[in-house]
Amino acid sequence: MRILFLSAELAPLAQSGGLGDAAGGLARALAARGHELVCALPAYRAALAHSQCPALAEAGAVELALPERTLRGRWLKGALRLGAERLDLRLLDLPELYDRDGLYGDADGPYVDEALRFASFARAGAALAVELGVDVLVAHDWHAGLAPCVLREVHGDAARGIAAVQVVHNGAYQGRYPASALAVTGLGLEHFHMHGLEFYGDLCMLKGGLVWADRVVAVSPTYARELRTPGFGAGLEGLYVWRGDALDGIANGIDTERFDPARDAALPHAFDARRPAGKQVCRDALVAEFGLAAPVAGRLVCAIGRFAWQKGWDVLAEAVEPLVATGASLVLLGSGDAAIAERLDELARQHARRVGLFVGWDERLSRRVYAGADVVLVPSRYEPCGLVQLLAQRYGALPVAHAVGGLVDTIDDGRTGVLFDALEPDALVAACARAARLFEERGAAALRADLLALDVSWRVPAARWEELLRETVEARRVAS
């Protein structure tokens, strides 16, 4: 199949979180299965300057009509090589929209023209799908959500044989803007109603994919079910129910070549399932790096990520002192909410030999934390799929996670991690106690070896994706 990915992020060129890893990892895995992947993203300043950005050549002009002017730019193309795989890279070069310091904004908030930036990306991406004659267009998250709508409503017969799939990486982000933003989409008022792009009086770009795509794919089976409920659907649960059989869920994998404790230069010692002893060296080094008291096996508890309400770090902060009281030492790495960061800093100063804190982001340090940890906490309030638990398992650490979304699909409770139901400090502390008992019962070396032997790669998810895409392409061909 010839597959076009439209994504606002693509690792390694441009990413702010898990979207880039997921889009890049899946593209690479599908390419490894023999499919031709075209990956399109905006020509951000950071992407063009990235050390892995390939040599680029012009690949056609782009003109996007707006009510009062026309945007003019171009597509750039090159061959992005990731390991043995080759991806056909396309960058949408509209400097007035994408030649900026950040992908989405800065500390003062998102760019004021975000609706224009990603409506333009989706419009240009739909036209590119027609120009290339791809078998299927895969729109990732709300940034590309208008593309399936544009494909059907603007390109009509020319796109009749092209299948469209909308991926929901995080349904809480919907590309919601005032109704006046409809003007930048190139679409008419006939599409602005409750069964189209309108959402409580606003424009909702994600609905462009949810309504018009042939299939909708959430990034885990449990999240696909959760989206149908008021607690997780973020107001769109009725639409997810209405799409019914078109909604599926496939859990993500991770790039196991990029994240490989047997070859990771950031670690003080290599290890893998056949040679798990090196993990103890990494544990000792992590304890020394943060100046902590060395806890018994199963009690070096770590957390990595954003200090955010969604990620449950407010609950984690409340659990720190009870965890210390049980004999745990903690390493915490991340950034985000200032109040949470301040509270964690206070706790780290109060318990200097038990709580280590790094506020900010350091990729190499994060891998040292995974490699040294006994337990990695994932207390997310909701988690469409999650990468932290997969990275923990990849580095031989036991994830302790709130039982939501993809965490349920990727953790076998009591074997490859520990799940807890109530997102409360006491429940988190009790789950950590269960994890410590697993270390006692199974032995640290055996437990680590079992975790390191898990297949958390894209191999199985990519096979499922291949099946779904083939089904969607064949159904579209029959229908057209």
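The values are calculated or read from the model by the stated rules, or taken from the named source; none is laboratory data. Bear in mind the structure is a predicted one, so any value in this text is a computation, not a measurement. Every residue, glycine among them, receives a Cβ derived from its backbone with ideal geometry; neighbour counts consider all protein chains shown.
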Over the stretch 22-68, the set of residues basic (Lys, Arg), assigned to a helix (DSSP H, G or I) and within 28 Å of Pro461 (Cβ to Cβ) is Arg28
- Query: Within the bounds of the stretch 300-317, is there any residue that is assigned by TED's automatic domain parsing to the domain that holds Gly406, surrounded by fewer than 20 Cβ atoms within 10 Å (Cβ to Cβ), in contact with a Gly (Cβ under 8 Å, 6 or more places away or on another chain) and not polar (S, T, N, Q)?
  - Reply: yes
- Query: Within the stretch 178-189, is there a residue that is crowded, with 24+ Cβ neighbours inside 10 Å and part of a helix (DSSP H, G or I)?
  - Reply: no
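Could you please let me know if Leu103 is in the same structural domain as Ala8 (by TED's automatic domain parsing), touching a strand residue (DSSP E or B) at 6+ places or on another chain (Cβ under 8 Å), more than 30 Å from Arg477 (Cα to Cα) and part of a loop (DSSP other than H, G, I, E, B)?
Details: in the same structural domain as Ala8 (by TED's automatic domain parsing): yes; touching a strand residue (DSSP E or B) at 6+ places or on another chain (Cβ under 8 Å): yes; more than 30 Å from Arg477 (Cα to Cα): yes; part of a loop (DSSP other than H, G, I, E, B): yes.
For Leu103, the condition - in the same structural domain as Ala8 (by TED's automatic domain parsing), touching a strand residue (DSSP E or B) at 6+ places or on another chain (Cβ under 8 Å), more than 30 Å from Arg477 (Cα to Cα) and part of a loop (DSSP other than H, G, I, E, B) - is met.
Criterion first (touching a residue at least 12 places away in the same chain (Cβ under 8 Å), buried (at least 19 other Cβ atoms within 10 Å of the Cβ), more than 24 Å from the chain's Cα centre (by Cα) and closer than 30 Å to Gly133 by Cβ) does Val429 satisfy it?
Working: touching a residue at least 12 places away in the same chain (Cβ under 8 Å): yes; buried (at least 19 other Cβ atoms within 10 Å of the Cβ): yes; more than 24 Å from the chain's Cα centre (by Cα): yes; closer than 30 Å to Gly133 by Cβ: no.
Against the criterion (touching a residue at least 12 places away in the same chain (Cβ under 8 Å), buried (at least 19 other Cβ atoms within 10 Å of the Cβ), more than 24 Å from the chain's Cα centre (by Cα) and closer than 30 Å to Gly133 by Cβ), Val429 does not qualify.
Residues to consider are Leu419, Leu438; find the one that is surrounded by fewer than 24 Cβ atoms within 10 Å (Cβ to Cβ), out of contact with any Gly (no Cβ under 9 Å at 6 or more places or on another chain), at pLDDT 95 or above and not assigned by TED's automatic domain parsing to the domain that holds Ala213.
Working: Leu438 fails: out of contact with any Gly (no Cβ under 9 Å at 6 or more places or on another chain).
Unique residue meeting the criteria: Leu419.
Taking strands (runs of 3 or more DSSP E) that fall entirely within the stretch 297-361, which contain at least 1 residues that are of a type in the set (Phe, Trp, Tyr)? Explain how you work it out, then say what you get.
Numbers: elements: 300-307, 329-336, 355-359.
Counting at least 1 such residues, we get 300-307, 355-359.
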When every residue in the stretch 394-403 that is touching a strand residue (DSSP E or B) at 6+ places or on another chain (Cβ under 9 Å) and closer than 27 Å to Asp248 by Cβ is compared, the one surrounded by the most Cβ atoms within 10 Å (Cβ to Cβ) is Ala401
